[in-house]
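Please read the structure below before turning to the comments.
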Amino acid sequence: MQIMKAPAQKEITRAAKALINGDLVAFPTETVYGLGADATSADAVRRIYQAKNRPTDHPIIVHISSIKNLEKWAVHIPDYALRLAESFWPGPMTLILNRSDIAKDFITGGQNMVGIRIPSHSIAQALISEFESLGGLGIAAPSANRFGAVSPTNAKAVYEEIGDMLTSRDIILDGGNSSIGIESTIVDCTFKSPLVLRPGSITDEMIEDVTQYSLNKSSHHSKIKTSGLLKTHYAPNAKVVLGNHAEPGDGFIALSSVQTPTGAIRLAAPNDLIEYARDLYEALRSADRSNMRNVFIVVPDGVGLALAIKDRVEKASQE
Ligand code: TXA
Ligand code: MG
């Protein structure tokens, strides 16, 4: 595969053409890196599943460049979903909506709804816009990691995760480190009121504020095939343990205000929640690069972004 560093328009155009040809393009977003394919091509999307070793009944988010294109993919969009779209797109949020005919089963995992996101990262924006101007309708992109593993937040991590599954025609666009560092907030908008399927940096409070709804606490979502809802996910090879009882040689992640246990190896010392989310996955990856057996993590308390961080760490700690 080709890795294109700090891609300019020329490289973006090549990458968009590769997508049109059915090849894969990994690209940066502000949350994590995605592994992209033409969302209307069954063959191209099949290659995503193969590269990730992902079960084929798991749906994939479709990335578009602007709200104007939303109605190509979704029907019966409730008003509150449009308010969310107008408030938080482009940005780290995915909306689950009733699908149109162009959202085929190989995108939705056979469900009647489709996940849509408009990312804000300039390279993602440029790639999707160029792809659309060449006739594309949307880029299907899960996080660019092997199924169940830690999402990549930079191009090197993409290469480590799936580099050996890419062909010489596939491309990795290198746009530096993702600024948010954990995956988008997923909001199911197919009920009367919004239901958060995966917490993220667009918080419950922000969603309630914009929609003027109390969040739906429905349990119907247990039937939805959302891999982020599986108990185990985002897991490094090292064993992740919650707490600060690390032994010498174990990895340790906590806010900078928390002291490192004697002999433990500090993998990240974020000063606040924003830095915590941004640095978490790379810290887990660094534990694996040095073959650590255990990583102890002290998760921050509280709501908002703290909840999203806790969600990821708890899933990483499940065996
Ligand atoms: O931040 C993100 O969302 C990143 C970037 C690349 O956009 N993408 C990402 O994709 O995290 P992925 O596939 O790793 O996680 C998306 C989650 C999956 O758990 C998937 O099952 C769920 O979204 N999802 C996608 N479409 C869905 C749908 N139609 N219904 C229910 N869940 C859906
Ligand atoms: Mg993922």
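Can you tell me the alpha carbon radius of gyration of segment 41-165 divided by the globular rule-of-thumb value 2.2 N^0.38 Å?
Dividing the Cα Rg of segment 41-165 by 2.2 N^0.38 Å gives 1.05.
So what's the angle, to the nearest 10 degrees on a 0 to 90 scale, between helix 273-289 and the longest Cα principal axis of the chain?
So the helix axis and the longest Cα principal axis differ by about 80 degrees.
So how much slack lies between Y213 and A42, counting 0.36 nm per residue of separation and subtracting their Cα-Cα distance, in nm?
57.8 nm
Please state, to two decimals, what the Cα-based radius of gyration of the chain comes to when divided by 2.2 N^0.38 Å (N = residues).
Against the empirical 2.2 N^0.38 Å value, I get 0.96 for the chain.
What accessible area per residue, rounded to a whole number of Å², is obtained for segment 118-201 using a probe radius of 1.4 Å?
On a per-residue basis, segment 118-201 sits at 32 Å².
Ranked from highest to lowest mean number of other Cβ atoms within 10 Å per residue, what is the order of the peptides 76-85, 16-25?
Ranked by mean Cβ neighbours within 10 Å, highest first: 16-25, 76-85.
Ignoring ligands, DNA and RNA, please state the percent of accessible area on the chain from carbon and sulfur, probe 1.4 Å.
Ligands and nucleic acids excluded, carbon and sulfur give 50 percent.
Pairs to check: K68/K217; K217/K310; K10/K68; K5/K310. Give those whose C-alpha atoms are more than 28 Å from each other in this structure.
K68/K217; K5/K310
Can you compute 3J(HN,Hα) from phi for each residue in segment 164-176, using the Karplus curve 6.51 cos²θ - 1.76 cosθ + 1.60 with θ = phi - 60°, rounded to whole Hz and x for Gly and Pro?
6, 9, 8, 8, 5, 8, 6, 9, 10, 8, 9, x, x
Greater than 30 Å separation of Cα atoms is the criterion. Which listed pairs, K17/K104; K52/K315; K72/K315; K17/K239, meet it?
Pairs exceeding the cut-off: K72/K315; K17/K239.
A74's amide H: which non-local residues (gap 5+, or another chain) put their own amide H closer than 5 Å, with H modeled 1.01 Å from N in plane and none for Pro or chain starts?
S100
Tell me, what HN-Hα J-couplings in whole Hz come from the Karplus equation 6.51 cos²θ - 1.76 cosθ + 1.60 at θ = phi - 60° for each residue of segment 21-38, using x for Gly and Pro?
With the stated coefficients, segment 21-38 comes to 6, x, 8, 9, 10, 7, 9, x, 10, 5, 8, 9, 7, x, 10, x, 8, 4 Hz.
Determine the gain in length on full extension of the stretch K68-N294; use 0.36 nm per residue of separation and subtract their C-alpha separation, reporting nm with one decimal.
Taking 0.36 nm per residue and subtracting the Cα distance, the gain is 76.6 nm.
Would you please give the FRET efficiency between E247 and D164, computed as 1/(1 + (r/R0)^6) with r the Cβ-Cβ distance and R0 = 25 Å, to the nearest 0.05?
So the FRET efficiency works out to roughly 0.15.
Given the options A37, A15, A264, state which has the largest fluctuation in a GNM of the chain using a 10 Å cut-off (strictly under) for Cα springs.
Looking only at A37, A15, A264, the biggest GNM fluctuation is shown by A264.
What list of ³J(HN,Hα) values in whole Hz, one per residue of segment 60-77 in order, does the Karplus curve 6.51 cos²θ - 1.76 cosθ + 1.60 (θ = phi - 60°) give from phi, with Gly and Pro shown as x?
Values, residue by residue: 10, 6, 9, 9, 10, 9, 7, 4, 3, 8, 4, 6, 5, 9, 10, 10, 6, 7 Hz.
The values are calculated or read from the model by the stated rules, or taken from the named source; none is laboratory data. Note that the coordinates shown come from a computational prediction; the quantities given were computed from them, not determined experimentally. Positions of Cβ are generated from backbone atoms using ideal geometry, with glycine treated the same way; all protein chains shown enter the neighbour counts. Protein only, heavy atoms only, side chains kept; ligands, DNA and RNA dropped before computing areas. Shrake-Rupley method; radii C 1.70, N 1.55, O 1.52, S 1.80 Å.
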